[in-house]
Each structure stands twice: as structure tokens, then as C-alpha cells.
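Visitor: Have a look at this one.
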Amino acid sequence: MLIFKIFRSDEWAALRANGQSAGAPVDVADGYIHFSTAKQAAETAAKHFADEEDLFLLACESEPMGDDLKWEVSRGGAEFPHLYREFRLLDVTWAQPLPLIDGQHEFPAGVLS
């Protein structure tokens with residue numbers, strides 16, 4: 001199953017340069033890497049990245065993360081995937097820009113369906 005991480009361009013650049021990351025500041029503060037499912041990603045973008053430009057959407061296969069990935073109840077009682085280890089560049093299946101167009105983030109075609 002694909003899960004998604006939204007990174008700012010500098011966070012994505014740091015992951016590519018270092019091969020691993022403790023995540024965004026919110027991830028570091030919470031002690032795990034926040035991910036979203038396809039159904040949750042647009043709401044995550046709107047809630048936590050409103051009006052932010054220069055974002056990237058990173059897709060990752062959940063299965064190889066094994067026991068380090070926990071599904072925990074969060075926003076609205078929904079279960080969200082949380083990674084309890086460093087986020088590795090090898091975890092990334094693909095990455096695409098997440099442009100802000102007319103105040104909304106435009107997700108790659110077919111990703112949220």
C-alpha cells in the first residue's frame with residue numbers, strides 16, 4: 001500500500017543529500033514520521049500546509065517498513081501511518097512536486113483515487 005509524506009523542498013533536499021532524515025520539525029517533536037494514506041493526503045495538505053509553496057509529495061510502500069510503521073488513531077478518529085525510525089531515501093518509491101494553484105495543492109493525477 002502506498003502511503004504519503006509531504007515535505008518542504010529543503011526537507012526533501014536534505015533527505016536526498018543525507019540518505020535519511022528525522023523528518024520535519026513536527027516529526028522530530030512528536031518522535032515519529034507522520035504519513036497519510038491516499039484518502040488523507042489532501043486534508044493533510046490543507047490543514048498543515050495551507051498556502052505553502054515548494055512542497056513535494058513522497059510516496060512510499062508501507063509493507064517494507066515492517067514493524068517500524070504503526071497505524072494509530074489521530075485526526076477525526078482515523079488511523080494514520082506513523083514511522084518510528086529514521087525516514088530513509090530508500091523508503092521513497094517516487095516523489096513529485098505538489099504545486100499550489102489558486103490556493104489548493106494539486107496532486108499528481110490518479111494519486112488520490
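Visitor: Would you mind calculating the relative contact order of the chain from Cα pairs under 8 angstrom and at least 6 residues apart, reporting the percent as a whole number? Numbers along the way, then the final one.
Guide: On the way: 194 pairs, mean separation 39.8, N = 113.
Computed value for the chain: 35 percent relative contact order.
Visitor: To continue, here is another question. For a test of the definition: using alpha carbon positions, the gyration tensor, and the 1.5 limit on a/c, classify segment 2-98 as rounded, prolate or oblate. Kindly include the intermediate steps, with their values, before the conclusion.
Guide: Working: a/c = 1.44, a/b = 1.05, b/c = 1.36.
Because its axes are fairly even, with a/c under 1.5, segment 2-98 counts as rounded.
Visitor: Given the Cα-Cα distance of Asp67 and Asp10 and 0.36 nm per residue of separation, how much length would full extension add, in nm?
Guide: 17.7 nm
Visitor: Let me ask you something else. Give a quick list of trypsin sites (Lys or Arg not before Pro) in segment 13-112 that DSSP marks as loop, anything other than H, G, I, E or B, with at most 15 other Cβ atoms within 10 Å. It would help to have the intermediate numbers written out before the result.
Guide: Numbers: sites: Arg16, Lys39, Lys47, Lys70, Arg75, Arg85, Arg88; in loops: Arg85.
Listed in order of number, the matching sites are Arg85.
Visitor: As I understand it, the dipole of the chain uses +1 on the Cβ of Lys and Arg and -1 on the Cβ of Asp and Glu, about the Cα centre. Which of Leu98, Ala24, Ser62 lies farthest toward its positive end?
Guide: So the residue furthest toward the plus end is Ser62.
Visitor: Please give the calculated 222 nm ellipticity per residue for the chain, where each DSSP H segment of at least 4 residues contributes -39500 (n - 2.57) and the sum is spread over every residue; nearest 500 deg cm²/dmol?
Guide: -6500 deg cm²/dmol
Rule-based calculations on the coordinates, nothing more; no lab input. What you see is a predicted model, and the numbers here were worked out from it, not measured in a lab. Reconstructed Cβ throughout: ideal geometry from the backbone, glycine too, with neighbour counts over all protein chains shown.
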